[in-house]
1. Would you kindly identify the helices (runs of 4 or more DSSP H) lying entirely within segment B:48-167 that contain at least 1 residues that are within 16 Å of DNA strand C (Cβ to nearest atom) and on the phi < 0 side of the Ramachandran plot?
2. Only one residue in B:Arg62, B:Arg69 is among the basic types (Lys, Arg), closer than 22 Å to B:Arg18 by Cβ and within 15 Å of the chain's Cα centre (by Cα). Which one?
3. Considering only segment A:34-45, I want to know if a residue exists there that is within 14 Å of another protein chain (Cβ to nearest Cβ), modelled with pLDDT of 95 or more and assigned to a loop (DSSP other than H, G, I, E, B).
4. Sort out which residues of segment A:169-215 are touching a helix residue (DSSP H, G or I) at 6+ places or on another chain (Cβ under 7 Å), charged (D, E, K, R) and away from DNA strand D (no atom under 12 Å from the Cβ), and write them in order of number.
5. State whether one or more residues within segment A:73-92 are without any contact (Cβ under 8 Å) to a residue 24 or more places away in the chain, surrounded by 20 or more Cβ atoms within 10 Å (Cβ to Cβ) and in contact with a strand residue (DSSP E or B) (Cβ under 8 Å, 6 or more places away or on another chain).
6. Mind checking whether some residue in segment A:138-151 is away from DNA strand D (no atom under 16 Å from the Cβ), farther than 22 Å from A:Lys180 by Cβ and under 15 Å from the mean Cα position of the chain (by Cα)?
7. Inside segment B:174-194, can you point out the residues that are under 21 Å from B:Pro153 (Cβ atoms) and either near DNA strand C (Cβ under 9 Å from one of its atoms) or not β-branched (Val, Ile, Thr) (or both)?
2 protein chains.
Amino acid sequence: MSVPRLAVSVDLVVLTVREQRLCALRWRRDRPPYEGAWSLPGGFIQLDEDLPVAASRLMAERAGLADVRIHLEQLATYGYPDRDPRQRVVSVAYLGLAPDLPASSRAQVLWTAVDDLLQEEAAFDHRRILCDGMERARAKLEYTSLAAAFCPPEFTVAELRRVYEIVWGTSLDPRNFHRKVTGADRFLIPTDRTTTRDGGRPARLYRRGDAEQLRPPMLRPRPTERPN
Amino acid sequence: MSVPRLAVSVDLVVLTVREQRLCALRWRRDRPPYEGAWSLPGGFIQLDEDLPVAASRLMAERAGLADVRIHLEQLATYGYPDRDPRQRVVSVAYLGLAPDLPASSRAQVLWTAVDDLLQEEAAFDHRRILCDGMERARAKLEYTSLAAAFCPPEFTVAELRRVYEIVWGTSLDPRNFHRKVTGADRFLIPTDRTTTRDGGRPARLYRRGDAEQLRPPMLRPRPTERPN
DNA sequence: CCAAAAGTGTTCCTAGTACACCCATGT
DNA sequence: ACATGGGTGTACTAGGAACACTTTTGG
């Protein structure tokens, strides 16, 4: 029995928060198929390369984010036969969460607000992959300390709260949020510095702690189920 | 630039609860590599086949579970270069949750308690995949209604509780558990039948409701963090 | 009658929600 | 002085934990 062989790619959903919006890295397609549409940055894996290694390499080569500490995790694998019109490609998607970084050095990739991106035509099934990545990020904010991956090394509680509010599209009570995150064990490490970059009374700066889980979880306000 | 092509397989972590233990389907390897070790049932995908379709096909062909309603979801993808000594294989693992079924018709596959399986030598990285599948199942019991996937069509609250206890390896208060699951919206649909198969006072039989999420979640008792 | 398991009531306590209020800075 | 955002206190409430107690069967 012969074993079919096919191309395996890695596609990257890279999210950040900038200018009060949730943004993703888009790749500008300048040749068919889907010329003019956007796609996710990605590429084919090499024969001697592990999947996370390929994701890191492509993060540098295609997303222009070399030497940057970014949270990277596997998202899901997409493989229905016609997803690429040229050939059968199975794609392993990775999710990356980044702080607000300068735009990439490559002209072909740029940060775009996901709301805008979803209005435009997407190449392949990349709209679906982007949506899955956003949903994963939203869900993980609830029960992990991943929100800090969107922040610079030192940040205030209010900046962290804005991450939650923007990613979830909700508003949170600043006072209860403050109590919750400063009370969570090993989530935030206080520094002795403060900042007034957001105006008002100086806010204490924190660094990310080593807790991975957030227990009890941060509850995302649900759209109240139809009361009827 | 040439695109490397490689073999893509689907491996199945199929879990059930039988005889008070968490069991998985094992494949008995009767030829190298890893002759004598166990592996997960699986096989290569076809060129014209979507991933979930391949998983269903292999569930029938290799796991011997055709025509059975089983919850199937994608688990993760494993692809480091030397995981199969014969050739480079990227494997997409699927997680299946089944009620207590008769043993497969194939002699090569059989249910084995996961505790025993983890004592034996595993082929490839299948021990790791099995562990990832168990962890996914444990986590999903917390916030979804998936536990019912381990039960027959009609079941009692105590049977459902035993699923939680066996999968989590903890014990739960029967009274609080009863209130929690019968109170959860659309989780359980009461029938008008009862059973005494577990002894004692007759227990009402329930069918699975259409709720997917369990809110608020069922809390898994955590090993109390070292009190030091 | 007794054992066993189902199911209910009640008490206590943790933690989420809402919001009044005070604090420390820039202008 | 006052606007702005940082941070604390507090009352209310939902829901988890623990467990006494009643119910309904089989033996």
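1. Details: elements: B:51-61, B:114-117, B:126-143.
Hits in segment B:48-167: B:126-143.
2. Details: B:Arg62 fails: within 15 Å of the chain's Cα centre (by Cα).
Testing whether each residue is among the basic types (Lys, Arg), closer than 22 Å to B:Arg18 by Cβ and within 15 Å of the chain's Cα centre (by Cα) leaves just B:Arg69.
3. Filtering segment A:34-45 for residues within 14 Å of another protein chain (Cβ to nearest Cβ) gives A:42-45.
Within this subset, residues satisfying the condition of being modelled with pLDDT of 95 or more are A:42-45.
Then keep just the ones that are assigned to a loop (DSSP other than H, G, I, E, B); that gives A:45.
Scanning segment A:34-45 turns up at least one residue that is within 14 Å of another protein chain (Cβ to nearest Cβ), modelled with pLDDT of 95 or more and assigned to a loop (DSSP other than H, G, I, E, B).
4. A:Arg208, the sole residue that qualifies.
5. yes
6. no
7. Here is the first cut: in segment B:174-194, the residues under 21 Å from B:Pro153 (Cβ atoms) are B:177-178, B:181-182, B:184-194.
Matches in segment B:174-194: B:Phe177, B:His178, B:Thr182, B:Ala184, B:Asp185, B:Arg186, B:Phe187, B:Leu188, B:Pro190, B:Asp192, B:Arg193, B:Thr194.
Every residue, every condition in (1) modelled with pLDDT under 95; (2) crowded, with 16+ Cβ neighbours inside 10 Å, yes or no:
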residue: A:Thr156; (1), (2): no, yes
residue: A:Ile166; (1), (2): no, yes
residue: A:Lys180; (1), (2): no, yes
residue: A:Leu188; (1), (2): no, yes
residue: A:Thr191; (1), (2): no, no
residue: A:Gly200; (1), (2): yes, no
residue: A:Leu205; (1), (2): no, yes
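The values are calculated or read from the model by the stated rules, or taken from the named source; none is laboratory data. This structure is a prediction, so every number in the text was calculated from the model and none was measured. Cβ atoms come from the backbone with ideal geometry, glycine included; neighbour counts cover every protein chain shown.
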